[in-house]
Amino acid sequence: TYMMCRALLENESAVKGSVVMDMGCGTAILAILAAKMGAAHTYGIDIDAVAAVSAFDNARLNRVSRHVETYCGDASLLQMGKYDVLLANINRNILLEDIPTYSRSLKKGGLLFVSGFYEEDLPMISGVAAQAGLEFLKSDSMDKWCCAQFRKG
């Protein structure tokens with residue numbers, strides 16, 4: 001989560017005024033940060049219904065609930081719209097399965113930030129992303145965990 005927050009903060013111009021999706025939003029830390037950075041609208045999806053409700057409550061407590069919507073579900077809900085920025089801090093296997101769906105839901109030039117996997121898994125993640133039409137931009141790591149950024153061509 002720390003690396004995802006740092007990646008968002010390093011891409012402030014891409015977040016400001018954009019539509020952001022936080023997949024596997026959990027407590028909505030990333031969605032809240034994006035809203036506080038000036039995203040036009042932020043969505044969060046979590047497979048856990050309790051997490052989706054907690055995410056909205058946290059957005060309300062952080063005074064950004066007008067800019068954050070949360071839903072219970074999986075990547076199939078991405079059909080709702082197109083996003084400028086998509087955040088996915090989820091485990092490797094879910095990322096490998098869902099990256100093609102993430103790519104389809106991104107606008108042209110949109111950014112994908114992924115984390116929740118080990119450095120050694122980056123080639124596998126990057127390969128799936130490339131097959132889905134995403135260009136690798138950069139990666140960061142901390143304590144063998146990895147965060148990677150991609151752009152939709």
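Residue 106 sits among other residues whose Cβ lies under 13 Å from its own Cβ, and their net charge, with Lys and Arg +1 and Asp and Glu -1, is +3. Projecting the Cα atoms of 51, 41, 78 onto the charge dipole of the stretch 31-91 (Cβ charges, centred on the Cα centre) puts 41 farthest toward the positive pole.
Among the lysines of the chain, pairs that are 8 or more positions apart or on different chains and have alpha carbons within less than 23 Å of each other number 17.
To the nearest 20 Debye, how big is the dipole of the chain about its Cα centre, given +1 on the beta carbon of each Lys and Arg and -1 on that of each Asp and Glu? If you can, show how the numbers build up before the last one.
On the way: 15 positive and 17 negative charges, 131 e Å.
The calculated dipole for the chain is roughly 620 debye.
Compute the helix-to-body angle for 122-131: its Cα long axis versus the longest principal axis of the chain, expressed 0 to 90° and rounded to tens. With rounding to tens, the tilt is 80 degrees.
Computed 3J(HN,Hα) for the stretch 144-150, one whole-Hz value per residue from the Karplus formula 6.51 cos²θ - 1.76 cosθ + 1.60 where θ = phi - 60°, is 6, 8, 10, 9, 10, 10, 9, glycine and proline marked x. Note that the stretch 68-146 presents 50 Å² accessible area per residue, ligands and nucleic acids not counted, probe 1.4 Å.
What the phi angles of the stretch 97-108 give under the Karplus curve with 6.51, -1.76 and 1.60, with θ = phi - 60°, is a coupling list of 6, 9, 3, x, 5, 4, 4, 5, 8, 7, 5, 4 Hz, glycine and proline written as x.
Taking square-rooted eigenvalues a ≥ b ≥ c of the alpha carbon gyration tensor, is the stretch 34-83 rounded, prolate or oblate, where a/c under 1.5 means rounded and, failing that, a/b exceeding b/c means prolate? Provide the component values of the computation, followed by the final result.
Numbers: a/c = 2.98, a/b = 1.20, b/c = 2.49.
Oblate, since a/c reaches 1.5 and b/c is not below a/b.
Among 116, 127, 38, the residue with the largest mean-square fluctuation in a Gaussian network model of the chain, with springs joining Cα atoms closer than 10 Å, is 127. The shape of the stretch 16-153 can be summarised by an equivalent ellipsoid whose semi-axes, obtained from the alpha carbon gyration tensor, come to 23, 16, 14 Å from longest to shortest.
The values are calculated or read from the model by the stated rules, or taken from the named source; none is laboratory data. Remember, predicted model here, so these are calculated numbers, not experimental data. Quick reminder, even Gly has a Cβ in these numbers, built from the backbone with ideal geometry, and neighbours come from all protein chains shown. All accessible areas refer to the heavy atoms of the entire protein, side chains included, with ligands and DNA or RNA removed. Shrake-Rupley method; radii C 1.70, N 1.55, O 1.52, S 1.80 Å.
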